[in-house]
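Working notes, structure below.
The values are calculated or read from the model by the stated rules, or taken from the named source; none is laboratory data. Bear in mind the structure is a predicted one, so any value in this text is a computation, not a measurement. In this analysis, Cβ positions are derived from the backbone assuming ideal geometry, glycine residues included, and neighbour counts consider all displayed protein chains.
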Ligand SMILES: *Cc1c(COP(=O)(O)O)cnc(C)c1O
């Protein structure tokens, strides 16, 4: 099922005077290269959900998100690759002409519905979906995060370990929207090494959310089933932390320093970053290195979670800031 996908995703070593000075080995895991549109963590989050949907003989995938959502784009394209119909429920207005993300989704056959921001905020997502869409569907929550998504993201750890001759980096760093990817990494680490999350959104909700995700059972896959309360017998991992101060104003907000960093990083490393997630992550890790957060001799792995499909839409909105 993965033959058109580049897996394992490559690992590269990054070079920078700062790393030498602090005696750090810094690696980047290029999940952005898994697939041009089903990229990064979105592929990992979809993988077991697509299997579950096939097992349930579902013909339609339904999901929700904002108008620039990487998850909407990934679901539309994955749906077309794996023979599912797709439905996307979009928060807020659907402006015409469609932005590049929604155009990509429609080009891959996704049917779009819109709901008001108020309904999106206040209503139960699944019941909203059931009202709008009459046919049966396999439900993927916003951002694609559920128990099976966490299971898919956990595979990052074993994959990395194999690529690094059986060793683990001391730090696994990722950016966070819903926290699903970080929860997966923590689960995959099983108490080893340290996981670092950098929040792309404002608000200190992520710590609790990652806790909650870690206490869900991976075999209760479909969110249409009743969730059982956490049984409390899972190990309670302490080897992770979230930095909440690198959101640059919040989701889809930016500041000149962030844009400058992304453009400089690309010209120095030939690696593109996106302004919503990965730009903030790399900015944060560089900042932490400057503050000598990581002890000398540490090996740090930064996951490039993808999201590059969003750059075009960002540039259209804000005037070609990202080169
Ligand atoms: C969706 C997304 C994230 C957020 O992942 P979560 O699992 O929701 O925390 C991070 N980076 C990129 C590029 C994304 O598209």
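Taken together, the residues in segment 263-278 that are within 13 Å of the ligand (Cβ to nearest atom) and farther than 16 Å from residue 26 by Cα amount to 6. Taking the conditions exactly as written (modelled with pLDDT under 95 and assigned to a helix (DSSP H, G or I)), does residue 159 satisfy them or not? The answer is no for residue 159. Reported count of residues in segment 296-319, each being in contact (Cβ under 8 Å) with a residue 24 or more places away in the chain, assigned to a loop (DSSP other than H, G, I, E, B) and away from the ligand (no atom under 14 Å from the Cβ), is 3. One residue stands out in segment 169-183 among those that are buried (at least 24 other Cβ atoms within 10 Å of the Cβ) and part of a strand (DSSP E or B): the one that is farthest from the ligand (Cβ to nearest atom), namely 172. For segment 1-42, name all the residues that are closer than 23 Å to residue 104 by Cα, within 13 Å of the ligand (Cβ to nearest atom) and in contact with a helix residue (DSSP H, G or I) (Cβ under 7 Å, 6 or more places away or on another chain). Those that are closer than 23 Å to residue 104 by Cα, within 13 Å of the ligand (Cβ to nearest atom) and in contact with a helix residue (DSSP H, G or I) (Cβ under 7 Å, 6 or more places away or on another chain): 31, 34, 35, 37, 38, 39, 40, 41, 42. Within segment 175-189, residues that are within 21 Å of residue 286 (Cβ to Cβ) reach partners that are near the ligand (Cβ under 6 Å from one of its atoms) and part of a strand (DSSP E or B) with beta carbons closer than 9 Å, at six or more positions or on different chains, in the pairs 181/175; 182/175; 182/176.
Kindly establish whether residue 303 is within 22 Å of the chain's Cα centre (by Cα), buried (at least 23 other Cβ atoms within 10 Å of the Cβ) and either farther than 26 Å from residue 34 by Cβ or modelled with pLDDT of 95 or more (or both).
For residue 303, the condition - within 22 Å of the chain's Cα centre (by Cα), buried (at least 23 other Cβ atoms within 10 Å of the Cβ) and either farther than 26 Å from residue 34 by Cβ or modelled with pLDDT of 95 or more (or both) - is met.
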